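Structure first, commentary second.
The values are calculated or read from the model by the stated rules, or taken from the named source; none is laboratory data. These numbers were taken from a predicted model, which means no experiment stands behind them. Please note: Cβ atoms are built from the backbone with ideal geometry, for glycine as well, and neighbour counts cover all protein chains shown. The protein model used for the area step is the full one, side chains on, heavy atoms only, and it has no ligands, DNA or RNA in it. Shrake-Rupley method; radii C 1.70, N 1.55, O 1.52, S 1.80 Å.
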Amino acid sequence: MVLHLKRILVLALLFLAPLAHADIQRLQQLHEFRSQGFLAGTYLLIDNNLFERVREPGNREIYRDALGNMDSLLRQMGDPGDLRPLYNDFVGLVRELEQLPEGEQAYYGLATVNRIMMAHGKLENAAAELYNAETEGSAAPLLALHNQSIETSRILLLYENNMFSSVGVYFIQTQEGIFNTLDARIKEGSAELKTLLPDHQDTFNQLDKQYGFIEPRLINHHTDWVPTIAAFYLRKNIETLDTLSSEQANLAQNNAG
């Protein structure tokens, strides 16, 4: 009898282990932190690119808001891992760039821009490692939404990064045909989401339409740069995906409770 009860207890613990491991809200917060990091990097590059002769103040406002959101998320999570010092390095370099005399930031601050993107790469890699440690036991739709958001953020930041011949790529391992690889992943991700979340079919079709509009520019990224337009459309897609993932996380949390 005692042995039988022990076996039941072991089976119960094995069943509950993945559920106990999954901290849905923490996973969502880590994803949002990464998403905001990509947003900050994207608009910092737009703000300092050499193709725009007039600096739009809205670009700086966007990346500053993203940095503020990252700080808030770190506080909510209790500053996990090494994210706080890496975040501080990232922000410190951004402030260093902003303190250059007006008109010099884009033309004479490219070494600092490179250091900023290197700092973002370190921060993103550290956040991704923490995120991956939290995925066990999480629902497939939530993970698929996160993945689609990050892949879209990657192709957008890579596109913006390619305007700077002297700025390296640090947030992803680059290889020949990387734009085509990311493009294929995004298309596969869209098909997966339509299967996992059929009630949101219309939303995903709209995301496909917006992505399809800018896709030719991404693939042919060395001709006729449209940094602001690309960011406008892909940012809308990323925001929609992050909103959906937040809803899915809250739903999963309520069901678990």
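Things to note:
- Carbon plus sulfur fraction of accessible area for region 24-249, probe 1.4 Å, in percent: 48
- All Cα-Cα separations within the chain were binned at 5 Å from zero, giving a P(r) of 1, 6, 13, 16, 17, 15, 12, 8, 4, 3, 2, 1, 1, 1, 0, 0, 0, each value a whole percent of the pairs.
- At the listed q of 0.14, 0.22 Å⁻¹, the Debye profile of region 129-257, built from one uniform point per Cα, gives log10 I(q)/I(0) equal to -0.66, -1.36.
- Two-decimal ratio, region 132-208, of alpha-carbon radius of gyration to 2.2 N^0.38 Å: 1.26
- Computed [θ] at 222 nm, helices only, for the chain once each DSSP H run of length n ≥ 4 contributes -39500 (n - 2.57): -26500 deg cm²/dmol
- The heavy atoms of D82 present about 110 square angstrom of accessible area, all protein chains included, probe 1.4 Å.
- For region 60-164, GluC sites (Glu not before Pro) meeting the loop criterion (DSSP other than H, G, I, E, B) and having at most 14 other Cβ atoms within 10 Å: E102, E104, E136.
- Remark: the chain carries a charge dipole of roughly 460 debye about the Cα centre, counting +1 on each Lys and Arg Cβ and -1 on each Asp and Glu Cβ.
- Region 223-257 and region 68-94 have Cα centres lying 21 Å from one another.
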